[in-house]
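Everything below concerns the one structure shown next.
The values are calculated or read from the model by the stated rules, or taken from the named source; none is laboratory data. This is a predicted model, so every value here is computed, not measured. Neighbour counts are summed over all protein chains in view; Cβ atoms, including those assigned to glycine, are modelled from backbone coordinates with ideal geometry. All accessible areas refer to the heavy atoms of the entire protein, side chains included, with ligands and DNA or RNA removed. Shrake-Rupley method; radii C 1.70, N 1.55, O 1.52, S 1.80 Å.
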Amino acid sequence: MAIVPSERVRQRTHPLDPLDASEIRRVAAAVRRHAGAIADRLRFVYVSLREPPKAAVLALGDGGPAPDREARAVLHDRAARRTIEAVVSLEDDTVTSWQEVPGVQPPVMMEEFLGTEELVRADPRWQAAMRQRGVEDFSLCMIDPWSCPPVAAGLGPEDGRFLMPLTWVRSGPGDNGYARPVEGLVVFVDLYRMAVTAVEDHGVVPLPGHSANYSAEAIREPGNAPSFPGGSRTDVRPLDIAQPDGPSFTLHGHHLQWQKWDLRIGFTPREGLVLHQISYTDGDRLRPVIYRASLSEMFVPYGDPAPTHYRKLVLDEGEYGVGMLTNSLELGCDCLGEIRYLDGVVNDNDGGAIVIPNAICLHEEDAGIAWKHTDFRTGYTEVRRMRRMVISSIVTVGNYEYAYYWYLYQDGMVQYEVKLTGVISTGALPPATAPAHGTVVAPGVYGPHHQHFFNVRLDMAVDGTANRVYEVEPTPLGPGPGNPVGNAWTARETLLRSEQEARRRADPVAGRYWKIVNAGSRNALGQAVAYRLVSGDAVAPLYHPGSPVARRAGFTAYHLWVTAYEPGELHATGDYPNQAEGGGGLPAYAARDRPLVDTDLVVWFTFGTTHVVRPEDWPVMPVNPVGFKLVPSGFFAGNPALDNPPPASCHHSG
Ligand SMILES: [Cu+2]
């Protein structure tokens, strides 16, 4: 019997699997055939899976037919300054939709990111500014292409396509370039003309003199800041993770099963790591919790009004794409233990495929104790270990690293954590001055104050798609007949009925949290099943509420947003935040004020950190973890980790 190759592919590919390299190339070929005369002009911004309708994916679990496989391509015709969204059927390699999107700028492309550096290096005005600062060897200069927010006139999408490179200088090849920022020099590049349109020089500030390297060798050098003349510590003995029988999870393609958890792993050029259909096996039922979980945007606004810093207002995901910037991970370094990996596959700007080997790391970790009790009268003790499944990826965005971690626990908890590390963005100071909006980290170098905001989109599916959300606030009761000694309080629940009502701020001191409830599904105690969203790291924006900064990232005005499910609503700042005035994404989605009770809904959570830089953040920053937890709250009728086996080496348990 003849086997048709495409049929074989079809059998192996789940509808939610990300595009592989051959599919990306097929999409590009189909786009070029369709584009005809303009094919050679088209640049490929993003090529990614166009996920099938949710109903079709859910029907698959009941034996429904495999939905057609489709891809979405965001294209840019630079000559005509047009952005096009195409849909390509991977069933027959044809373009099924071709739509121009007017008035937008797609994100910065890798070729632009890389091409800008050489362009600036060759510009006589920039060269003159560098010579004024005593720099003759331009090969030591690092020209980072920061995005260009439209906070100045004439920089909207209709005026051109801009980047705003900032310059640093290495003291020698291979040195930490961010140790020597070029203060006061801002360059504007028009990517359509591939030309430097303006060079702003706000005056010479001396380049800091010291190196700030962090290799095991470099930290010995007396001139390094800080310096460790003894080199690396010698008292760190081996700590090996041994799993002689292998890990407790199985990975088939992109399908991960671990303990009672079951999910699929995806990857897109914009969002990077995506989790699909996170479900928990409870007896003989596979109970859905989240249909799709993804980082939807990041925002890093700087709080320093100096000319080099006030336009640093980056939307790292929407303006660059964090999938594109994902690292290849290495065993024993990025992840420890018995590791499995998945590659990430993204497009290049010619429509080719780039495979990022080992982009996603999967492993198990011991997470301390799961639970314990000692009967103090008899000495009878039961204790269990907790284990967690870790799904992670790390991205490099210029100077900063962001490491993203999803954790699944044996007690039904889902946790998300971003570990911030890398090198802070620096500024230089004139001699004998103190920064008003930052912290000195080395002689002549300061780290400006800034904030990091993250927004995670959680397409919830607690026991099915019909969910509702309550805000819960522990509330003291006033004194009275029902509260004679004044100790009484209740957990007051407020139903969030519509999108406008569901824009909420965190109040960790008050113990406020949110509960995603399926009112139609009851646990054995008769309670409606739920998961609660618990915030540890909610921050308030420090920019003025009426400012262009606030408008750029409207999602930061609230920590919680809930919207009615709409497949195209995936990003907290909307589809095209690059050079946009703002207002897209969550503010626009929620403006429709759709009803939210017992419907298919999406929970969006904004969290982050206010970064008042410390000297200890220099020259490379110790990780700072921020995130949130989703905790079962009546989803089970008791402790779901009761059946964790007693530890073999523990004599008290069993
Ligand atoms: Cu920071």
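At a 1.4 Å probe radius, carbon and sulfur cover how many percent of the accessible area of the range 226-333?
Looking at the range 226-333 in its full context, I get 52 percent from C and S.
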Calculate the length of the line joining the C-alpha centroid of the range 189-246 to that of the range 66-145, in whole Å.
-> 27 Å
For G351, distant residues with modelled amide H under 5 Å away | F44
Would you grab the residues whose amide H sits under 5 Å from the one on S633? Only those 5+ places off in sequence or on another chain, please, with H modelled 1.01 Å from N.
-> A530, Y531, R532
For each pair in K54/K629; K312/K419; K419/K629, compute the distance between the two Cα atoms and list the pairs where it is over 23 Å.
-> K54/K629
The chain: angle of helix 21-35 to the longest principal axis, Cα-based, in degrees nearest 10 | 60 degrees
Across the Cα atoms of the range 230-360, what radius of gyration and what greatest pairwise Cα-Cα distance (Dmax) are found, in Å?
-> 19.7, 62
Would you please put 524-533, 595-604, 573-582 in order of how densely packed they are, using the mean number of other Cβ atoms within 10 angstrom per residue and starting with the highest?
-> 573-582, 595-604, 524-533
What is the sum of charges around R592, taking Lys and Arg as +1, Asp and Glu as -1, for the other residues whose C-beta is under 11 Å from the C-beta of R592?
-> -3
Applying the Karplus parametrisation 6.51 cos²θ - 1.76 cosθ + 1.60 with θ = phi - 60° to the phi angles of the range 526-539, what ³J(HN,Hα) value in whole Hz is obtained for each residue in order, glycine and proline being reported as x?
-> x, 8, 5, 6, 7, 10, 10, 9, 10, 9, x, 9, 7, 10
Sorted by chain and then number, the residues having a modelled amide H within less than 5 Å of the amide H of N327, at least 5 places away or on another chain, are I394, V395, T396
³J(HN,Hα) across the range 423-435 via Karplus (A = 6.51, B = -1.76, C = 1.60, θ = phi - 60°), whole Hz, x for Gly/Pro?
-> 10, 5, 7, 10, x, 10, 10, x, x, 6, 10, 10, x
Going out from 0 in 20 Å bins, what whole percent of all Cα-Cα distances in the chain drops into each bin?
-> 17, 49, 30, 4, 0
Tell me, which cysteines of the chain are without a disulfide-compatible partner by the Cβ under 4.7 Å rule?
-> C141, C148, C333, C650
Please report how far the C-alpha centroid of the range 323-401 lies from that of the range 522-537, rounded to the nearest whole angstrom.
-> 26 Å
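Could you order peptides 107-118, 462-473 by the average number of other Cβ atoms within 10 Å of their residues, highest first? Display every interim value, and only then the final one.
Details: 107-118: 18.3, 462-473: 20.2.
Order by mean packing, descending: 462-473, 107-118.
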The range 441-452 - phi-based ³J(HN,Hα) in whole Hz, Karplus 6.51/-1.76/1.60, Gly and Pro as x = 10, 6, x, x, 10, 10, x, x, 4, 7, 10, 10
Volume per residue, Å³, of the convex hull around the alpha-carbon atoms of the range 170-272?
-> 244 Å³
Per residue of the chain, what 222 nm ellipticity follows from adding -39500 (n - 2.57) for every DSSP H run with n ≥ 4, rounded to the nearest 500?
-> -2500 deg cm²/dmol
